Amino acid sequence: MPDISLTMIVLLCVAALAAGWIDAVVGGGGLLLLPVLLLGLPANTPAAHALGTNKAVAIVGTTGAAVTYARKAPVDVRTAVRIGLAALAGSSAGAFFAAGMSTDVLKPVIMVVLLGVAAFVILRPAFGTAPATGPATRRRILAAIGLAGLGIGFYDGLIGPGTGTFLVLALTAILHLDLVTASATAKIVNCCTNAGALATFAWQGAVLWQLAALMAVFNLAGGTLGAHTALKQGSGFVRIVLLTVVFALVGNLAYEQWVA
């Protein structure tokens, strides 16, 4: 366990709970959890350790959400697993490049990513509100494997935050899914990306396992609750939560970058 105060451990656990809920509903729980880890860990902690610990926590909550969704949502598990295997390869590759990344680089990158997501969702108010009209074509599935699998998987291993959100957006756009079904599919894919990245970080010794285990319990609770909430409330609710989370985090990161 790193040398951090009891108060900070409690805050990290609360953040893990909230991130699990957010990640299950709209993806992007790492957009909350990773900045909190970067702030809460000792200043001399390498960025790779924050990234690795984030993955060890997130994979537990993501798995809990995926199981909940798979039981109740109309998920094409076969397609999700195929995309997930490509994502696992992409995230493993991305994690190799993340070892030398500085924390000074992470915050502005995350902020730009958030603004892009917000702009897309605002400009497309009907995005993800209609259910799929039929099974996806082979061409669309291959496109999803390439973009949502390899491409976003690589991003997940390299940086991580926002991966679930990007998966939801990509799967909705490419496979013409509604937001709830896309969220369910994204959780299965995200389990694979987390596994690939975590294996690499663990091999590099960049995971704070004791802290991760404690936070993972709260992340699992949040993830399971979030999946139940999304299934009950539907796509309109998911869209509102997505925009709320994005703008709140942009404001927080902008404050840290230019004011604090």
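Would you work out what percent of the accessible area of segment 1-67, with all protein chains in place, is carbon or sulfur (probe 1.4 Å)? So the carbon and sulfur contribution to the accessible surface is 72 percent. Label reach from Arg139 (point 7 Å along Cα→C-beta): in segment 169-194, amide nitrogens under 16 Å belong to 174-176. Among 46-57, 202-213, 185-196, 223-234, sorting by the average number of other beta carbon atoms lying within 10 angstrom of each residue, highest first, gives 185-196, 46-57, 223-234, 202-213. Relative to its Kirkwood radius, the Cα radius of gyration of segment 120-231 gives an Rg/Rh of 1.01. A helix-only calculation puts the chain at -26500 deg cm²/dmol for mean residue ellipticity at 222 nm, using -39500 (n - 2.57) for each DSSP H run of at least four residues, averaged over all residues.
Between rounded, prolate and oblate, where does segment 2-57 land on the alpha carbon gyration tensor, with a ≥ b ≥ c its root eigenvalues, rounded for a/c under 1.5, else prolate if a/b exceeds b/c? Note, shape of segment 2-57 comes out oblate. Length gained on full extension, Leu115 to Lys72: 12.3 nm, using 0.36 nm per residue less the C-alpha separation.
The values are calculated or read from the model by the stated rules, or taken from the named source; none is laboratory data. Remember, it's a predicted structure, so these values are computed and weren't measured experimentally. Cβ sites come from the backbone with ideal geometry, for glycine too, and all protein chains shown count toward neighbours. SASA here: full protein model, heavy atoms, side chains in, ligands and nucleic acids out. Shrake-Rupley method; radii C 1.70, N 1.55, O 1.52, S 1.80 Å.
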